[in-house]
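Every number in this text was worked out from the coordinates using simple rules, so none of it is lab data. For clarity, every value in this text was computed on a predicted model and none was experimentally measured. Ideal geometry is used to build each Cβ from the backbone, glycine not excepted, and the neighbour counts take in all protein chains shown.
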Amino acid sequence: MKQTAVIVCPGRGGYNKPELGSITERHLPKQSELISRLDKVRENEGFTGVSELDQKDKFDHRLHLKPENSAALIFAAGYADFKAVDPEQYDIVAVTGNSMGWYTALACAGAWQPEKAMSIVTDMAKRTATAEGAQLIYPIMNEQWQPDKAREKAVSRLLEQHAGELFLSIRYGGYVLLAGTQNAINAANKTLAPVDNRFPMILPGHAAFHSPLMKEASDQALSV
């Protein structure tokens, strides 16, 4: 009897230094034809192929985290992982994703062909990267994984104080992701109480995703 499975596709940040080489190691030679097709899309559009990026000797933040490269690597790795799922063992009952993972989910669900998805992923990464603002992540749960009212109130106050410039981007697990203008994000970063010597954390390479500040990028994409 098959096991049921839900596919969850990762968002931006799903391919970092520890993942370097993972596409090659996990999916070649079995997925070589797929990876070659994705490489061709990239190369035809003037970008470095994902296999070449994945096989670099070392992780280069300026290269691998460049939006149009990072998004392509995340999509290629996620889609190849999906294609590697054994349909004889697993009955996939749902596909979902977070943020950029929505694009991967559409390909996994069959709404887009992988080549089309790669092209859209790269294009949207470029458009949103030039948009205004940044993102910040902050925990609203305490060490016992219970809601921390003080942290929640602090976030709510900031959203009120910087209305129109600071927005609730995503709320997931015990964290909130705030998006806003650079000034608003910097203010939040200075105001929120430090947690675990790690938070609040401004996410490198992120614009104000999932906020009204993305409207221009959205309008541009819809006009194509």
Looking at segment 2-38, which of the residues that are in a loop (DSSP other than H, G, I, E, B) and more than 23 Å from the chain's Cα centre (by Cα) is surrounded by the fewest Cβ atoms within 10 Å (Cβ to Cβ)? Pro29
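Please work out which residue is nearest to Gly205 (Cα to Cα), limiting yourself to segment 90-107 and to residues that are surrounded by fewer than 23 Cβ atoms within 10 Å (Cβ to Cβ) and of a type in the set (Ser, Thr, Tyr).
Ser99
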When segment 84-106 is examined, which residues are found to be in contact with a helix residue (DSSP H, G or I) (Cβ under 8 Å, 6 or more places away or on another chain) and over 14 Å from Val50 (Cβ atoms)? Ala84, Val95, Thr96, Gly97, Met100, Gly101, Tyr103, Leu106
Test: residue in segment 209-220 that is among the hydrophobic types (A, V, I, L, M, F, W, C) and surrounded by fewer than 18 Cβ atoms within 10 Å (Cβ to Cβ): no
Quick one: Pro87 ticks every box in (1) within 23 Å of Met1 (Cβ to Cβ); (2) buried (at least 20 other Cβ atoms within 10 Å of the Cβ); (3) not small (Gly, Ala, Ser) except a single one, so which number is it? (2)
Spot the failing condition for Gln146; the list is (1) exposed (fewer than 13 other Cβ atoms within 10 Å of the Cβ); (2) touching a strand residue (DSSP E or B) at 6+ places or on another chain (Cβ under 8 Å), and only one is missed. (2)
Pull out all pairs, ordered by first then second residue, where Cβ-Cβ is under 7 Å, the residues are six or more apart or on different chains, the first lies in segment 185-204 and is without any contact (Cβ under 8 Å) to a residue 60 or more places away in the chain, and the second is part of a loop (DSSP other than H, G, I, E, B). Ile185/Gly133; Ala187/His162; Ala188/Pro200; Asn189/Pro200; Leu192/Pro200
Could you name every one of the helices (runs of 4 or more DSSP H) located completely within segment 50-125 that has at least 1 residues being without any contact (Cβ under 8 Å) to a residue 60 or more places away in the chain and under 20 Å from Pro29 (Cβ atoms)? 50-54, 67-83
Just to be sure I understand, how many residues within segment 176-200 are surrounded by fewer than 16 Cβ atoms within 10 Å (Cβ to Cβ) and closer than 22 Å to Ile140 by Cβ? 8
Filter result for Leu158 (under 26 Å from Pro10 (Cβ atoms) and buried (at least 18 other Cβ atoms within 10 Å of the Cβ)): no
Taking Leu73 as meeting all but one of (1) of a type outside the set (Phe, Trp, Tyr); (2) closer than 20 Å to Asp123 by Cα; (3) surrounded by fewer than 20 Cβ atoms within 10 Å (Cβ to Cβ), write down the number of the exception. (3)
